[in-house]
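Take a look at the structure set out below.
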Amino acid sequence: MHSHPITLERAIANFKKNSTPENAQRLITLIKEGTFYLLIHPSLMRPENAKKRQEVEEQIRQGHVEKLPLLLFNTESEAGTILPVFTNRNEMAKFPDSQKMAAIQVTFPPLYLLVKSQPKIDNLLINPEGHAIAFNREQFLQSFDIGSIKTVEDSFKPGTVAHFEQGINEISPKGKRLLIEAAIRHPEIEALWIVRQLRTDTNHRWFVILDVKPEDQHHDTHTLMLDAFLRTLSEEEAGMMYADNEAARDVVSLFEPLYRRQDAQSSGVIH
């Protein structure tokens, strides 16, 4: 008899019933792997906010959700503002008046970045009308810290020679797929390389190199989107830098990218 994978909703219920370290770890893992729905503030749908709505729709299309005007609510307690987060459409439908509001679907890294970028969010409440679980801002940012990917380009001083090898065959199919899917969601990424830096003083380190125009280089967004890839590796650290960095010059000129937007468009991967 095959056992079915546990859902995030079941993991929340299990943790609330029995908050063992095992149940806590399973909950954290499933939240980091989850997909969520967030409600857009209803004021955005007013006719006088049509221009703002177009700007928000463009932000969503480009994958930049960190500054979206989301629905927050307050309680009579001193807890502050609460961001309702839903694990599926059924949970969202239980929320009062949700059918009158627009919603956005996000994976965990954008959700984390959104909370980090909006100090006005004091708490998160997952599935407020179901098996709800709450996190205050500090708990959420610390418990789900995904800052393990380092943006280390500033550590390469001008003239520094960095040695890389491709080593792409050592990356799992899942890791490659996650990187390609992330690049497709971010239209500002023209190409993506995955290489390994060869170092004599310590262990080798993986690097993801992104071809992005300077005006579109958003470090927080791009490092957070790579967290899912990092979790497919046994290493605890990976680096990210942009293709216009001097240290990445040889990689860009000598190595084939894992992903190139132009190739994906011509092959029909991107519609």
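The values are calculated or read from the model by the stated rules, or taken from the named source; none is laboratory data. Just so you know, these numbers come straight off a predicted model, no measurement behind them. Cβ placement follows ideal geometry from the backbone for every residue including glycine, while neighbour counts extend to all protein chains displayed. The protein model used for the area step is the full one, side chains on, heavy atoms only, and it has no ligands, DNA or RNA in it. Shrake-Rupley method; radii C 1.70, N 1.55, O 1.52, S 1.80 Å.
Can you compute the modelled spin-label distance between residue 252 and residue 129, with each label point 7 Å from Cα toward Cβ, in nm?
Each label point lies 7 Å from its Cα, and together they span 5.0 nm.
I'd like the Karplus ³J(HN,Hα) series for segment 179-196: coefficients 6.51, -1.76, 1.60, θ = phi - 60°, whole numbers in Hz, and an x wherever there's a Gly or Pro.
Per residue, the Karplus-derived 3J(HN,Hα) values read 5, 5, 4, 5, 5, 4, 6, 10, x, 6, 8, 8, 7, 9, 10, 10, 9, 10 Hz.
Compute the length gained on full extension between residue 199 and residue 58: take 0.36 nm times their separation in residues and subtract their Cα-Cα distance, giving the result in nm to one decimal.
46.6 nm
Under 5 Å between amide hydrogens, which residues at least 5 positions from residue 191 or on another chain qualify, with H placed 1.01 Å from N in the peptide plane?
HN-HN under 5 Å from residue 191: 211, 261.
Sort 209-215, 106-112 by packing, meaning the average of other beta carbons within 10 Å per residue, with the highest value first.
Values: 209-215: 16.6, 106-112: 20.7.
Highest-to-lowest ranking by the protection proxy: 106-112, 209-215.
Ranked from the most accessible area to the least, with a 1.4 Å probe and all protein chains present, what is the order of 240, 101?
I get 101, 240, largest accessible area first.
Amide H to amide H under 5 Å from residue 102: which residues, 5+ apart in sequence or cross-chain, H placed 1.01 Å off N in plane?
It is 40, by chain and number.
Need the full-extension length gain, residue 232 to residue 136, defined as separation in residues times 0.36 nm minus the C-alpha distance. One decimal, nm.
31.7 nm
Determine the gain in length on full extension of the stretch residue 97-residue 22; use 0.36 nm per residue of separation and subtract their C-alpha separation, reporting nm with one decimal.
Taking residue 97 through residue 22 to full extension adds about 23.4 nm, to one decimal.
Calculate the FRET efficiency for residue 172 and residue 6 from the Cβ-Cβ distance with a Förster distance of 25 Å, rounded to the nearest 0.05.
On the way: r = 23 Å, r/R0 = 0.90.
E between residue 172 and residue 6, to the nearest 0.05, is 0.65.
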